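First comes the structure, then the notes that go with it.
The values are calculated or read from the model by the stated rules, or taken from the named source; none is laboratory data. All figures in this text were calculated on a predicted structure; none of them were measured in a lab. Neighbour counts are summed over all protein chains in view; Cβ atoms, including those assigned to glycine, are modelled from backbone coordinates with ideal geometry.
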Amino acid sequence: MKITACTIVKNEEKNLPIWLDCMKKIADEIIVVDTGSTDNTKELANAAATVYDFIWQNNFATAKNYALSKATGNWILFLDADEYFPVAALNVLKQHLNKAGKNIEAFLCKIKNLNEQGTIQSSFFNIRIFRHLPFLKYEGIVHERLINTNGKKVIAAVMDENVYIYHTGYTGKMIQSKLERNLTLLKKDIKKNGLRTSHYIYLSECYSNMKKYDQAILCCKKFLQNKSDAVGMRVYIYTRLIELLFSQKKDIPKALFYIDNALKEFPDNNDILFYKANYKYILKEYITAEKLFTKILITKNTYQLNASTIEGKTAYIYECLAHIAELKGNEPAAIKYYKKILLNNYANKNILLKLYKLIQYKSVAEKISILDDIYNNDSLKLKFLLKILYTYTSDKINLYYRQFLQEKYGIKIEHSLIKDFLLIENYTAAARESAVSLAKDYNFTAGSAFFTNNTKEKLVLLNSLLPTVYQNAIKECMAKTALKDLNNNEVRQIYENIQTIRQNAEKVLKQNNK
């Protein structure tokens, strides 16, 4: 068995290193077809792959078929440059290719869309793995698909659920340029080859993300009028339509109408049930919402071919259930749900603070036990935990985690001496340090009275912020001859501080003016 990994690229220097690193672990041959990169894409590709130049013809299928013509393997992995297999999936993938029945021509793979934080937002199925057969080719200007040129259906099996692909391409600034490009190519494809039902899927995606909501809604409705399905996309279009009606058009009756229609067609589908559950939650019908949310969580891992957005909503479901548990006085359940969110995304500040609010009156040992379940003696996670706790709370566990980080990892965290004294309830020392800190602030505020860009109004404001003794010291500094207040030791000390600040400020201003 020989595996060839293929991709087509243009200006993919950001994504290509991850793709190459993945493919080097499994492929015997790596083919990269460059369609006109102007960045470092080709240099990166040349280090690990055979690179071919191809003049871009505004047709993805043509470019992909050119890549296939250069492949010599009997299995093809054709992932986009912004897609990759997690390392754990590679051995399982190889095993399945080795034992694949001879009648199997291709595999449908689950593709998980990630946001910029690396969190799964949605998923869908598509062919990314197939045998290198002369009659398997790509078709389509954009959103190309694998076809059997003999007119038969491609015989595809569903890949093992432990083999899936991460897709990062529709994040941040990348999405706008890709949407505009795709919309142009879709219109070109429709003009050249005629309108297909599947076009409505991609048109609705483009219009929705471009905030052309009326056009997106129309495309969703057009797709649903045709009863055919495209690899589980029917549910996905229902959810897009319902989401647009709820969030953008605020048309609740129509949204509920399509929820009912979708559930008649797809009973108990989690993506549709989510909208029903969330609507009940918004109405504060918490008992019904809790039952529906719980049902979704129980069945969410059922392996189905439908494109789905439920993975991206799991954290929200847990948050709703935690809130309901709090309302019912079920503290352990609320803690459990908040922990589930943080175990998947430890850097969710708002959820961490909600969890802390629940556990703040527990013993130090209990709090540490709960937080350690999540942050698990990981230095990066613990630094985040300490930063949030130290910023928003006055809890002795701050001292524990700071000491732990320093002793175990040699990491020193900036801290406030005043706050530390308060944490150990040494209020006298805290008051003393506060006074010293306040005096420094007053000195700098007084010193700023001598900046050359001050207006009369600003000087009046500065004086209003300062105690009388500082106001007197400013007067002494501004006077050409010493006044009687300099006999006051306190005024004299402040006077000297202000003079030092004034001199340093003048030096900085001179350097900036050079």
(request) Tally the residues that are crowded, with 16+ Cβ neighbours inside 10 Å and either more than 18 Å from SER123 (Cβ to Cβ) or among the polar types (S, T, N, Q) (or both), restricting the search to segment 263-272. (result) 3
(request) Specify the residue that is surrounded by the fewest Cβ atoms within 10 Å (Cβ to Cβ); the eligible residues are those in segment 179-210 that are of a type in the set (Gly, Ala, Ser) and in a helix (DSSP H, G or I). (result) SER198
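Output the residue which, of all residues in segment 211-251 that are among the polar types (S, T, N, Q) and assigned to a loop (DSSP other than H, G, I, E, B), is surrounded by the most Cβ atoms within 10 Å (Cβ to Cβ). Spell out the reasoning first.
Restricting attention to segment 211-251, the residues satisfying the condition of being among the polar types (S, T, N, Q) are 215, 225-226, 228, 239, 247-248.
So of that shortlist, the ones also assigned to a loop (DSSP other than H, G, I, E, B) come out as 226, 228.
Working: ASN226: 13, SER228: 10.
Among those residues, the one meeting the criterion is ASN226.
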(request) Those residues that are among the aliphatic types (A, V, I, L, M), in a helix (DSSP H, G or I) and over 24 Å from the mean Cα position of the chain (by Cα), I need them from segment 288-324; list them, please. (result) ALA289, LEU292, ILE298, ILE324
(request) For segment 88-109, enumerate the residues that are within 15 Å of LYS24 (Cβ to Cβ), surrounded by fewer than 20 Cβ atoms within 10 Å (Cβ to Cβ) and out of contact with any Cys (no Cβ under 8 Å at 6 or more places or on another chain). (result) ASN91, LYS94
(message) Looking for something within 20 Å of CYS6 (Cβ to Cβ), out of contact with any Asp or Glu (no Cβ under 8 Å at 6 or more places or on another chain) and polar (S, T, N, Q) - is there at least one such residue anywhere in segment 137-160?
(response) yes
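Output the residue which, of all residues in segment 364-398 that are outside any helix (DSSP H, G or I) and modelled with pLDDT under 90, is farthest from GLY329 (Cα to Cα). Can you show your working first?
Filtering segment 364-398 down to residues outside any helix (DSSP H, G or I) leaves 376-378, 393-396.
Imposing the further condition that a residue be modelled with pLDDT under 90 reduces the set to 376-377, 393-396.
Details: ASN376: 28, ASN377: 31, THR393: 23, SER394: 25, ASP395: 24, LYS396: 26 Å.
So, considering only residues that are outside any helix (DSSP H, G or I) and modelled with pLDDT under 90, the one farthest from GLY329 (Cα to Cα) is ASN377.
Just to verify a result, which residue in segment 182-198, among those that are charged (D, E, K, R) and closer than 18 Å to LEU218 by Cα, is farthest from the chain's Cα centre (by Cα)?
Taking segment 182-198 first, the residues charged (D, E, K, R) are 187-189, 191-192, 196.
Next, only the ones that are closer than 18 Å to LEU218 by Cα stay: 187, 196.
Values: LYS187: 31, ARG196: 33 Å.
Among those residues, the one meeting the criterion is ARG196.
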(request) Please state which one of TYR361, TYR346, TYR356 is more than 20 Å from the chain's Cα centre (by Cα) and either assigned by TED's automatic domain parsing to the domain that holds ILE242 or part of a loop (DSSP other than H, G, I, E, B) (or both). (result) TYR361
(message) Looking for something β-branched (Val, Ile, Thr), more than 18 Å from LEU386 (Cα to Cα) and out of contact with any His (no Cβ under 7 Å at 6 or more places or on another chain) - is there at least one such residue anywhere in segment 320-339?
(response) yes
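Looking at LYS188, LYS153, LYS249, LYS221, which is the one that is of a type in the set (D, E, K, R) and over 27 Å from GLU265 (Cα atoms)?
Values: LYS153 fails: over 27 Å from GLU265 (Cα atoms); LYS249 fails: over 27 Å from GLU265 (Cα atoms); LYS221 fails: over 27 Å from GLU265 (Cα atoms).
Unique residue meeting the criteria: LYS188.
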